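To keep things clear, I will list the structure first and then write my remarks on it.
The values are calculated or read from the model by the stated rules, or taken from the named source; none is laboratory data. Source: prediction; values computed, not measured. No Cβ is skipped: glycine too gets one built from the backbone with ideal geometry, and neighbour counts run over all protein chains shown. We work out accessible area using only protein heavy atoms, side chains counted, and drop any ligands, DNA or RNA first. Shrake-Rupley method; radii C 1.70, N 1.55, O 1.52, S 1.80 Å.
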Amino acid sequence: MSKAASAKECVAVVGIGQTKHVASRRDVSIAGLVREAAQRALEDAQLTWADIDAVVIGKAPDFFEGLMMPELYLADALGAVGKPMLRVHTAGSVGGSTALVASNLVASRVHRTVLTLAFEKQSESNAMWGLSLPIPFQQPLLAGAGGFFAPHVRAYMRRTGAPDTVGSLVAYKDRRNALKNPYAHLHEHDITLEKVQASPMLWDPIRYSETCPSSDGACAMILTDRAGAARSPQPPAWMHGGAMRSEPTMFAGKDFVSPQAGKDCAADVYRQAQIADPRREIDAVEMYVPFSWYEPMWLENLGFAAEGEGWKLTESGVTELDGDLPVNPSGGVLSTNPIGASGMIRFAEAALQVRGQAGEHQVEGARKALGHAYGGGAQFFSMWLVGAEPPTT
């Protein structure tokens, strides 16, 4: 086989659709929720169900809603009857992993045009207590994901000397950004830094306003090859690199503050995308930040800041919408969190940035953007980097 024939196919995002994320969508079933996002993605791409070759769907653990293997009954709602349909699950990072599985189907030329979608209907569950496992699976010392991650935040503060105000700065920024995003769940028009800092302490040092909400919502994208992108009426977002990495929840020597799997995942994406200096070459970042302190922590883990320096970027305003490195211009997970879809929303929002279609939260001149997701006990990572121009070979 020739080198040209064996090369990977270019992957383009030509359609993006989201629901309006809210606390409870009692007007629709899960099937109605996912179909709404999928139809919006098809309309964005100006395609029909007949144009889709395969569907890749993802969500968080099935026990969140108590509906096992929902993909089996969602095939009809997603136009997948008689077509290949794959289910992906990698905990909180699943939205990103689902998009990457779909992209690999296009890149390997298995399919030409793929619908990928992720969702969660948290109003039909109780994720906090669903994540509070009983003895003997977990020591009775915490409640919910925040209880698990709070000690890691404390470790970061001790390691770096970060002042305890940094978390509130992130939350204040992201909630203000969310006001510019019509799809965001939380629109707190009266938000102030003082209100964030005065909110109740849930898991020291994480306050109520520094945590993500529980949302109902879905996100969908249409991925296609170079030929499909050429026919698209919309400017495509081109995938320059994508990777997944994982590591055990616990092992001797694990760095909970900056997991090695996250570093390795980012390094692989940068290698594929030929990024030598992410701080200077990437224009916008949609980062998975369910608790505000994870912005400075991931800035270091992803190579945007040296160890111990991430909080300084946040404090100095670098990550603001008008800063040198805007992080979560959409409002991020701190403002919208249908868990299974949260990672895909990061990927989709990165694509919207380089398409120049992010509306009021558009980063001026964005040409390259990173989408990032993590899940489990900071053990599953998925990332992609998209650009306004096709990747160079």
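Of the residues making up the range 85-109, just one is polar (S, T, N, Q) and assigned to a strand (DSSP E or B), namely Thr90. Scanning the range 258-268 for residues that are closer than 19 Å to Ala150 by Cα and either touching a strand residue (DSSP E or B) at 6+ places or on another chain (Cβ under 6 Å) or crowded, with 20+ Cβ neighbours inside 10 Å (or both) gives Pro259, Gly262. Quick one: would you say Ser316 is polar (S, T, N, Q) and more than 14 Å from the chain's Cα centre (by Cα)? Judged against the criteria, Ser316 is a match.
Here is a yes/no grid of residues against (1) at pLDDT 95 or above; (2) of a type in the set (Asp, Glu); (3) closer than 30 Å to Lys368 by Cβ:
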site: Ile16; (1), (2), (3): yes, no, yes
site: His21; (1), (2), (3): yes, no, yes
site: Val28; (1), (2), (3): yes, no, no
site: Asp44; (1), (2), (3): yes, yes, yes
site: Gly66; (1), (2), (3): no, no, no
site: Leu74; (1), (2), (3): yes, no, no
site: Ala77; (1), (2), (3): yes, no, no
site: Lys83; (1), (2), (3): yes, no, no
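Hey, among Thr392, Thr336, which residue is outside any helix (DSSP H, G or I) and at pLDDT below 95? The unique qualifying residue is Thr392.
Evaluated against (1) open to solvent by less than 10 Å² (accessible area, probe 1.4 Å); (2) over 15 Å from Ser168 (Cα atoms), Asp322 falls short on exactly one condition, (1).
Just checking, does the range 238-250 include any residue being part of a loop (DSSP other than H, G, I, E, B), open to solvent by less than 20 Å² (accessible area, probe 1.4 Å) and in contact (Cβ under 8 Å) with a residue 60 or more places away in the chain? Scanning the range 238-250 turns up no residue that is part of a loop (DSSP other than H, G, I, E, B), open to solvent by less than 20 Å² (accessible area, probe 1.4 Å) and in contact (Cβ under 8 Å) with a residue 60 or more places away in the chain.
Residue-by-condition table, conditions (1) more than 25 Å from Trp238 (Cβ to Cβ); (2) within 19 Å of the chain's Cα centre (by Cα):
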site: Ala54; (1), (2): no, no
site: Glu71; (1), (2): yes, no
site: Ala80; (1), (2): yes, no
site: Pro84; (1), (2): no, no
site: Ala102; (1), (2): no, yes
site: Ser108; (1), (2): no, no
site: Phe119; (1), (2): yes, yes
site: Gln122; (1), (2): yes, yes
site: Ser125; (1), (2): yes, no
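Restricting Thr90, Thr48 to residues that are more than 19 Å from Leu33 (Cβ to Cβ), free of Cβ contacts under 8 Å to residues at least 60 places away in the same chain and among the polar types (S, T, N, Q) narrows the list to Thr48.
Could you look through the range 1-14, keep only residues that are hydrophobic (A, V, I, L, M, F, W, C), at pLDDT 95 or above and assigned to a loop (DSSP other than H, G, I, E, B), and pick out the one that is surrounded by the fewest Cβ atoms within 10 Å (Cβ to Cβ)? Ranking the candidates gives Cys10 first. Select from the range 192-204 the residues that are of a type outside the set (A, V, I, L, M) and either outside the structural domain of Gln357 (by the TED database) or in contact with a helix residue (DSSP H, G or I) (Cβ under 6 Å, 6 or more places away or on another chain) (or both) and write down the one among them that is surrounded by the fewest Cβ atoms within 10 Å (Cβ to Cβ). Here the residue is Pro200. All of Ala38, Ala99 fail the test of being touching a Phe, Trp or Tyr at 6+ places or on another chain (Cβ under 7 Å) and either under 21 Å from Thr19 (Cβ atoms) or crowded, with 17+ Cβ neighbours inside 10 Å (or both), apart from Ala99.
Of all residues in the range 91-120, those that are modelled with pLDDT under 95 and in contact with a helix residue (DSSP H, G or I) (Cβ under 7 Å, 6 or more places away or on another chain) total 1.
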